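The values are calculated or read from the model by the stated rules, or taken from the named source; none is laboratory data. As the structure is a computational prediction, the values presented were derived from the model and not from experiment. Counting neighbours? That spans all protein chains shown, and the Cβs are built from the backbone with ideal geometry, glycine included.
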Amino acid sequence: MSNLTEETTITEETAIDIADLNTDIAPSQILMIEDIQKLLPHRYPFLLVDRIISFVPNKSATGIKNVTFNEPFFQGHFPERPIMPGVLIVEAMAQVGGIVLRHLPGMENQLSLFAGIDKVRFRRPVVPGDRLTITTELLVSRKRFGKMHGRAEVDGQLACEGELMFSLVNL
């Protein structure tokens, strides 16, 4: 694929080239796990995004995290009442935000790191069987720093939201 158009939808059957993702992704495209792994350095057990269901270049992305009882953190958090750790919900928001960052001009050889977290609030527990819908919106982007707003919901109910600051470093 040399050029993706707005009418193109990426599905499990569609091959995608990383070069296309960095420059020509169209709004509202779906990215499967294989595509996400081309963009983010995270791997099991720390890749916390299963699919990107919506993407608007230089602006926002919406991703899905299917939370299962098989997640390794549930062994100790908490054995009698499994709850997804809040810090991992925030990390999942950051990873969805990373999809937006990877498409910004000049990001090909950059790694985004947390620089700060502000105004984060947790509104409901996330438990096995939940499907987190995570939306991030780019608020500020400078050469080496930026800020995003993240929001995680389960069945339309707010689970977590806050502002995520990042700094960019060379790989």
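Would you be able to say whether some residue in the range 35-45 is outside any helix (DSSP H, G or I), under 16 Å from residue 134 (Cβ atoms), modelled with pLDDT of 95 or more and among the aliphatic types (A, V, I, L, M)?
No; the residues of the range 35-45 include none that is outside any helix (DSSP H, G or I), under 16 Å from residue 134 (Cβ atoms), modelled with pLDDT of 95 or more and among the aliphatic types (A, V, I, L, M).
Please indicate, with yes or no, whether at least one residue in the range 93-109 is touching a Phe, Trp or Tyr at 6+ places or on another chain (Cβ under 7 Å), within 24 Å of residue 30 (Cβ to Cβ) and modelled with pLDDT of 95 or more.
Looking for residues that are touching a Phe, Trp or Tyr at 6+ places or on another chain (Cβ under 7 Å), within 24 Å of residue 30 (Cβ to Cβ) and modelled with pLDDT of 95 or more, one finds at least one in the range 93-109, hence yes.
It is to be established whether one or more residues within the range 132-141 are modelled with pLDDT of 95 or more, under 17 Å from residue 50 (Cβ atoms) and touching a Lys or Arg at 6+ places or on another chain (Cβ under 6 Å).
Yes: one or more hits.
Can you tell me which of 164, 132 is surrounded by 13 or more Cβ atoms within 10 Å (Cβ to Cβ), more than 20 Å from residue 107 (Cβ to Cβ) and either touching a strand residue (DSSP E or B) at 6+ places or on another chain (Cβ under 8 Å) or not β-branched (Val, Ile, Thr) (or both)?
Step by step, each of 164, 132 is checked, and only 132 is surrounded by 13 or more Cβ atoms within 10 Å (Cβ to Cβ), more than 20 Å from residue 107 (Cβ to Cβ) and either touching a strand residue (DSSP E or B) at 6+ places or on another chain (Cβ under 8 Å) or not β-branched (Val, Ile, Thr) (or both).
Condition test on residue 97, is it in contact with a Leu (Cβ under 8 Å, 6 or more places away or on another chain), buried (at least 16 other Cβ atoms within 10 Å of the Cβ) and under 24 Å from residue 38 (Cβ atoms)?
yes
Please verify whether residue 51 is of a type in the set (Lys, Arg), surrounded by 12 or more Cβ atoms within 10 Å (Cβ to Cβ) and either touching a helix residue (DSSP H, G or I) at 6+ places or on another chain (Cβ under 6 Å) or at pLDDT 55 or above (or both), treating the condition exactly as stated.
yes
With a cut-off of at least 3 residues that are within 13 Å of the chain's Cα centre (by Cα), name the strands (runs of 3 or more DSSP E) lying wholly within the range 72-171.
Counting at least 3 such residues, we get 131-141, 145-154.
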